[in-house]
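Data first, discussion second: the structure below is written as structure tokens.
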Amino acid sequence: MPIIKGHSSRIIASKAEAAASQDASVGSSPRRLSRAGLSGKAKFLGRASATALIASLYLAAVMPSAFAVSVSVHGNKRVDTETIASYFTGTDSASVNKGVKDLYATGMFSDVKISQAGGGLVVSVTENNIINRVVFEGNSKVKTETLQGEVQSKSRGAYSKATVDADVERIKDAYRRAGRAGAKVTSRIVDLPNGRMDVVFTIDEGEKTGVKRIEFVGNTVFTSNKLRDLMQTTEMNFLSFFKTSDVYDPDRIGSDLELIRRFYLKNGYADFRVVGSDAKFDENEGGYVITITVEEGVQYKVQSVTIDSHLPDIDTNSLQKFLRLSPGEIYNGDMVEKTVDALTREISRHGFAFSQVHPRGDRDPASRTVSIVFVLEEGPRVYIERIVIRGNTRTRDYVIRREFDLGEGDAYNRAIVERAERRLNNLGYFKKVKITNEPGSAPDRVIIVVDVEDQSTGSLSLSGGYGTASGLIAEVSVSESNFMGRGQYVRLAVSAGQYSRGVDFSFTEPYFLGNRIAAGFDLYAKKTEVSYYSYYSNFITGGTFRLGLPVTEELTFSPRYSIYNSDLTIPDDWNHPYDDCNRPIWGLTPGFGAGAPSYSYSCLTNGEASLALKQAAGQYLTSMFGYTLSYNSLDNNKNPTSGIFAELRQDVAGAGGYSEFVRTTGDFRIYHELTEDIVGFLRLQGGDLVSLNSKGHPLRIVDNFNLGPSLVRGFQPMGLGPRDVSPGVDWSGNPLGGTKYWGATLEAQFPLWGLPRDLGLRGAVFADAGSLWGYEGRTNFANGGNIIPNNAPPLYTQGNTITVGGAGMTVRSSVGVSLIWSSPMGPIRFDFAKALTKSPFDQTRIFNFTGGTSF
């Protein structure tokens, strides 16, 4: 029973019991801070935490004790006496000093004094005030929400000057990352009644502080321009107001150094290392000068690649197919990592859960070769006790856990854990990801700790652009790649342009039914208007249901089902009824005039839409199954310099609906660095359309391939291939499309010398060749669904048949130059092409432009 000495006196339990109660109240790892070391280290507890602390300590305090110490507490207003007294378990100096440290560590007190009276302790405390609000003044370049996430001072938390001083530095760090290293931050407090106060941070944001120059020392193999191209950090220029990549950010510089290191290892420089990096602010230049010192070493070739297995019953010959390197090749660090991953997965499937794969490179600098040995051995038998996830305030735990190919109770494998860390980083959900190991409850148990920090994954963008084919176009889209923290992708877009407008909605679940299979659907509605290139408008509504099945890291199989309805209409100016044409026009054409017997008709004046196009008019439903098989080993999807992209697509229409066909297309692209600055590009493409026609439904124009500069530059959109050249038809606006095509492109891209590389300007020279041919639609329209009525006059201008021009496999070719700009507003490309060979009915054009923006 406690012995009360005044209103604030009580009995303290034994030292062991008090320590247990303290651990229960403040956590298993309380911070131990001395009064002298308070600055910058205080830890705050909110009201909820303080309430839990009081309750737990009170329960521990009433337990039976072996001996008693009398403690009197003075000065406390909000924190309960029981809570404060429980920190003191004895009168010896060690116990008293520990109690004082632990009280300061709570962050609830600004002063603690100890004295003795009558054989007991007297604890006099001064409580920290409670923060009412945290206010930011003067910030416009960094949002208040961002600053609130940076500071440790929180509303309804205890005030500490040390923490506020540390928050000032945190705010300065946030501004440094935003490119404003000169930002000035001060703090003040505004006292309020009842022990409350406002904490106010006043900010002078200053001018943007960017990177003026990036210099390299020690590089001889690759130029400084090439190494700067690898970095996310760029130098300041006249476009700096558009971008933030020229802002000095130490964290980003660290990532850039890793990109440079991986680049050298990928290109055979196994001895490469970054000696150091230095960033100095130059007052005269008004920005940072970053100097990176490197040691390149020599380039190694692979002498041999072997597998050294210390595992029983493992046939190393069967593992040879998982090796990504071959003798004679340039050493590639990326391929070494991929080989380790592949071998780890394979031997784990053979029952060696604790196996480890260690790559060993035996270098011979004299011959500049390296012998690579992948050592397979049994690792320590360690099991995963728990996977602890911390810091995810928005993302659900299971979204993080599913990136691990192991779980609680499984054998620990370092390679699999590292692969999970790479996957989590690649998701784009987190600012940072760090995976560490902690000892478990037994020597053969390990706890995997995953620390993450969520970041914004939603975007609202306005994009716009102009193309010689599409005209002006603008799009507003809202997307979220981590919808409600579930890792799902959602996008809604609305577009409006000179010749088109539409809306589409997409949803993707990357782990369908808990498997690594992406499932999703798209719903869309799009209206295309009459343009210079086509004499019809088309309103399409439909949807697609799709799956994505990864076969390997580079190969993906994606089946789908699509259903859509098209409503094609032809303006009256190109769609005259036959009786409108039965009106002779005096003197319009030779042979019709005074004394001339022949007739001509008014529909000849403006030109008429093709009968094939008139046949396609109306509403038609298309239902089809398809798939895409794609392979991607590009080093960069936006600006590739090496690698292969290949895609095979096939759709079969006829499972309901009107259309019946099989459409197959293929696209193959390979990129290769010809020199350090010149990237070669080869593209081969082709397609085939076969009519099934089991229901007597011929192919329609809208089913055919309609191509132009996407196949051969130097031609108009829909400017090559079969056309209706019948009398009375404006064949320039009546492309019929084709059923077969092939195309080939050779291109070399290079930087524009003399201009800053980070402007994103590149030039290109190219040669294109290809052909679009084959027409399998109707050519005779007598009795053709009232397109040509049976009672039409015999001299009806358009006749009952169409004449198809350009249907043969004529090779079209062109050469030209391009200007490519990876602008802050989006990719922009100017193509100037000269057609070398063409069909007499093709439509050519020298200049083509595409571009857009997103912000």
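Coordinate-derived values only; no laboratory data. Predicted model, so just to flag it, every value in this text is computed and none were measured. Don't worry about glycine lacking a Cβ; one is built from the backbone with ideal geometry, like all the others, and counts go over all protein chains shown.
Worth pointing out:
- Counted over all Cα-Cα pairs of the stretch 130-204, pairs farther apart than 19 Å make up 28 percent.
- Comparing Cα centroids, the stretch 514-569 and the stretch 340-415 end up 39 angstrom apart.
- Shape annotation for the stretch 662-718: C-alpha extents along the principal axes are 57, 23, 9 Å, from largest to smallest.
- Cβ crowding within 10 Å averaged over residues, with 535-546, 320-331 ranked highest first: 535-546, 320-331
- Given +1 at the Cβ of Lys and Arg, -1 at the Cβ of Asp and Glu and no other charges, the dipole of the stretch 629-752 around its Cα centre is 380 debye to the nearest 20.
- Rg/Rh for the stretch 191-281, where both radii come from Cα atoms and Rh is the Kirkwood radius: 1.23
- Restricting the stretch 366-416 to GluC sites (Glu not before Pro) that sit in a DSSP loop and have at most 15 other Cβ atoms within 10 Å of their own Cβ leaves Glu408.
- The trypsin sites (Lys or Arg not before Pro) of the stretch 673-711 that meet both conditions, a loop assignment by DSSP and at most 15 other Cβ atoms within 10 Å of the site Cβ, are Lys695.
- Counting only residues at least eight positions apart within a chain, or on another chain, the lysines with an alpha carbon under 25 Å from that of Lys98 are Lys5, Lys15, Lys41, Lys43, Lys77, Lys113, Lys161.
- Once the Cα gyration tensor of the stretch 265-305 is diagonalised, semi-axes √(5λ) in Å: 35, 8, 6
- Note, ³J(HN,Hα) from phi for the stretch 321-330, Karplus 6.51, -1.76, 1.60, rounded to Hz, x at Gly and Pro: 5, 8, 6, 9, 10, 9, x, x, 7, 5
- Convex hull of alpha carbon positions in the stretch 93-144: directionally averaged projected area 5.5 nm².
- Cross-link reach is defined here as a Cα-Cα straight distance under 19 Å, omitting same-chain residues fewer than 8 places apart; for Lys212 the lysines meeting it are Lys226, Lys243, Lys280.
- The magnitude of the dipole of the stretch 130-204, with charges of +1 and -1 set on the Cβ of Lys/Arg and Asp/Glu and taken from the Cα centre, is near 140 debye.
- Compared with the alpha-carbon gap, the fully stretched path from Thr223 to Asp677 is longer by 162.5 nm at 0.36 nm per residue.
- Residue pairs, from the table Lys143/Lys208; Lys740/Lys834; Lys141/Lys184; Lys266/Lys338; Lys526/Lys638, whose Cα atoms sit over 18 Å apart: Lys740/Lys834; Lys526/Lys638
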